[in-house]
C-alpha cells in the first residue's frame, strides 16, 4: 500500500474506534452523573460523604501522571494503556448489587474518574498521531456529541425506573458498565505504527525518582511555556468556580427545589445533552479560527451564567432546564478546549505531557474547591456558593481575555 493509503486506513480505524467507544459508554456516563444524587437522595448520605466523592473525582487526577507517564514517548503502549484503564475503572460497579456500603460507592466513583482521566493523554496522542490536523477537532467533537445523544433520551427511562423501583440503580450500573466495556473491542483495532521509532526512557534508579519524574517534567514544561501557564490560570479559576458549586447542587435540588430523580435526570442529562449536541460541531469549527484564550473565555462566560439560571428555578422550574441547556453548550466548548489544548500547544512535541498537566490541575482544584464549597454551604447557604462560583468563572473570562491580547494568534500545530 502507498503511504497515503496507509495513513487513510489508520485514520479511518482510529475515528471508528473513538466514535464507537464514545457511543457505548454513553449509558454508563448518564448514571455516573447521578451518583452524587443517589448518595444524597436515596442513601441519605451526610454532606461530608458526598463532598468527599465530589472532591475525590478531581483530586484523584493527581495520580494520573503515573499512569500517563507509561505512554510518554512510548507509542507502542498507547492502546493497551486505554484498555487496561477502562477495565480497572468499570470493575467495581459489577459488585454494586452485593456491596451496600456508601463508602464503596464513593470508592467506585472516584476510581472510575481517575482511570478515565488517566487515559486522556493516551487518547489525545493517538488522535494527534493518526488523524490529520484538519479532522482532529471534528472527530473529537463528533465523538463527544455521540456520547451525549443517548443521554437525551435515557434519563426519561432511568429516571422513571429509579423513581418507581427503589434500588434498581444497583443493577443498572453493572449492566451499563458491561455495555461501556464492549467499546474496547473497537480500541483493539487502532493501528500502532510499528515502524515508528520508540524512545525508551531510562528506568529510574529508585522509587523516589519514579515518584518525582512526572512532576519534574510538568514543572519544566510550565517554566518553558509561559503561554501555557496563562491558559492554566484561566482554567484553574473557571474550573474552581464549577467545582466549588458541586456540593451545593444536591442540597439545592433536594431541599430547595425538591426534585424527583426524573426531573434531575432530565435536567442534568437531557437538556445538557441537547445543548452539547447542538453546538459541539460549531465549537469545533470555531476553535480552528481563533485564539485558544478567546475560545476558553467564552466557555467560562457561559459557566458564569449557569448558577443564576439555577437560582431562577426557585421561581419556575423551566429555568432549571434552560440553565442546564446553557451548561451543555458550555461543556461542549470546555471539552474541546481542555482536551485538545495539549496537542494544540505541543506542536510537533509529544502532547501527552501537556495533557497530563491539564489533568493534574483538575486534581489540585479538587484539594480545595469542593471542601470550601461544602463549608460555605454549612456556614451560610447553597445560594451564596452558587454566586461565588459565578464570580470565579467571571474572573476566569477576564484573565483569558487579557491573555488573548498578549498571545493574539491561535496556536496551530502542523
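Going through (1) within 30 Å of residue 25 (Cα to Cα); (2) at pLDDT below 70; (3) part of a helix (DSSP H, G or I) one by one, residue 152 falls short only on (2).
All of 158, 173, 93, 112 fail the test of being touching a residue at least 12 places away in the same chain (Cβ under 8 Å), farther than 20 Å from residue 56 by Cβ and surrounded by 20 or more Cβ atoms within 10 Å (Cβ to Cβ), apart from 158.
Tell me, which residue of the stretch 277-291 that is within 18 Å of the chain's Cα centre (by Cα) and at pLDDT 85 or above is nearest to residue 318 (Cα to Cα)? Result: 279. Quick check: anything in the stretch 370-389 modelled with pLDDT under 75 and within 20 Å of residue 56 (Cα to Cα)? No - not one qualifying residue is present in the stretch 370-389. Number of residues in the stretch 271-295 that are under 26 Å from residue 165 (Cβ atoms) and surrounded by fewer than 23 Cβ atoms within 10 Å (Cβ to Cβ) equals 1.
Taking the stretch 168-230 as the region of interest, the helices (runs of 4 or more DSSP H) fully inside it that hold 2 or more residues being within 22 Å of the chain's Cα centre (by Cα), closer than 16 Å to residue 77 by Cα and at pLDDT 85 or above are 184-187. Taken together, 311, 364 contain a single residue that is surrounded by fewer than 21 Cβ atoms within 10 Å (Cβ to Cβ), under 17 Å from the mean Cα position of the chain (by Cα) and farther than 22 Å from residue 26 by Cβ, which is 364. Any chance the stretch 233-246 includes a residue that's in contact (Cβ under 8 Å) with a residue 40 or more places away in the chain, under 19 Å from the mean Cα position of the chain (by Cα), outside any helix (DSSP H, G or I) and under 28 Å from residue 150 (Cβ atoms)? Yes - at least one qualifying residue is present in the stretch 233-246. The residues on offer are 333, 342, and the sole one that is under 17 Å from residue 136 (Cα atoms), out of contact with any strand residue (DSSP E or B) (no Cβ under 7 Å at 6 or more places or on another chain), crowded, with 18+ Cβ neighbours inside 10 Å and without any contact (Cβ under 8 Å) to a residue 60 or more places away in the chain is 333.
Kindly evaluate residue 304 against the criterion of being crowded, with 24+ Cβ neighbours inside 10 Å and part of a helix (DSSP H, G or I).
Values: crowded, with 24+ Cβ neighbours inside 10 Å: no; part of a helix (DSSP H, G or I): yes.
Considered against the rule, which asks whether it is crowded, with 24+ Cβ neighbours inside 10 Å and part of a helix (DSSP H, G or I), residue 304 comes out as no.
Could we say that residue 257 is under 26 Å from residue 153 (Cα atoms) and modelled with pLDDT of 90 or more here? Spelling it out, it is not the case that residue 257 is under 26 Å from residue 153 (Cα atoms) and modelled with pLDDT of 90 or more.
The values are calculated or read from the model by the stated rules, or taken from the named source; none is laboratory data. Predicted model only: the values in this text are computed from it and were never measured. We place every Cβ from the backbone using ideal geometry, glycine too, and count neighbours over all the protein chains shown.
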